[in-house]
Amino acid sequence: MKTRTDTLAGHLAIAGAYTIFGLNIVFCKDIANSAVISPMVLFVLRAVGATALFWVLSLFLPKEPVDKGDFLKIAAASCVGLFIPQMTFLMAITMATSIDTAIMSTLGPIFTMVFAFLFLKEPITGKKAGGVALSFAGVIFLILNSVHEGGASESSPMGIGLLLVNSLSFALYLGLFRPLISKYSVVTFMKWMFLFSLLLSLPFSMKGLLETDFLAIPALVRWEIGYLIFFATFVAYFLIPFGQKQLRPTLVSMYTYLQPIIAAVISIWTGLDVVTWQKCLATVLIVGGVVLVSRSRAAAS
């Protein structure tokens, strides 16, 4: 049975992961704008780095066997929760404006709530629906009242489509694979997840890997890629499954609404934006929605 300490640890883990993702959006846009590395090659670098780090870490922990019947499920989870979401996002940021990218990301919790209801029988209570709606309104309000730079000059239908697939795919992962995630330790689960995603990406990336001039990558972009590999991939994907063990899928997905707040804070800190009553109100709405969802009724056991 989960204690309050477990629940608090879950909240801190997911909040930490999505704070990292908030910075990740900024760096991904900068890397994409530099045009020195393709989205597929960037994904492979992240997969190689995270796979190596999780497998090395597993050497220092007790060996945990995986049921043979679960390998196919983990491979499917890897495709739905890692490969498709990361690839569609990295491709979409070159085809969609910053504001459209931010708005499309707000659909994730709505999709997750529906998938959790369908696959995990999590009830869609008034508090849960109201909380999602409240935070959704807050995020849209924040996006429309913030400065947005980077991305494409205008969004293409392909870019919007990729962002939609991104939200649907990760929401499906959160709603469908929670029982599998809860079955294994974080390190065991993620080392196989990233290995499968790496193997899946190699056939599509070999040409790009051979054509990329890694020595020509600017020093700043190298540091940004290093951040993506270590923090936005290894650390964040260590924290997410830990939080998933403690929190319900819809509540986990609600933390995606941290990302525009982080983006706004960065813009204000760098002088590109200013604090206004609209941003303060939007933050209150977002946090209020998360609190409502956290207090909603769980599925009957």
Candidate set from region 275-296 (those that are of a type outside the set (A, V, I, L, M) and in contact with a helix residue (DSSP H, G or I) (Cβ under 8 Å, 6 or more places away or on another chain)); member that is surrounded by the most Cβ atoms within 10 Å (Cβ to Cβ): GLY289
Residue in region 53-70 that is touching a residue at least 40 places away in the same chain (Cβ under 8 Å) and under 30 Å from ALA35 (Cα atoms) present: yes
Hits in region 222-260 - residues which are more than 14 Å from MET190 (Cβ to Cβ), among the aromatic types (Phe, Trp, Tyr) and surrounded by 21 or more Cβ atoms within 10 Å (Cβ to Cβ): TYR255, TYR257
Cβ pairs under 9 Å, 6+ apart, first in region 94-108 and in contact (Cβ under 8 Å) with a residue 24 or more places away in the chain and more than 19 Å from ALA264 (Cα to Cα), second part of a loop (DSSP other than H, G, I, E, B) and not polar (S, T, N, Q): THR94/ALA35; THR94/ALA152; MET95/ALA152
Residues of region 109-127 classified as within 21 Å of the chain's Cα centre (by Cα) and buried (at least 24 other Cβ atoms within 10 Å of the Cβ), total: 4
Selected residue [more than 27 Å from LEU57 (Cβ to Cβ), of a type outside the set (Gly, Ala, Ser), touching a helix residue (DSSP H, G or I) at 6+ places or on another chain (Cβ under 6 Å) and at pLDDT 95 or above] from VAL187, VAL165, VAL147, VAL139: VAL165
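The values are calculated or read from the model by the stated rules, or taken from the named source; none is laboratory data. Keep in mind that this is a model prediction, so the values were computed, not measured. Neighbour counts are summed over all protein chains in view; Cβ atoms, including those assigned to glycine, are modelled from backbone coordinates with ideal geometry.
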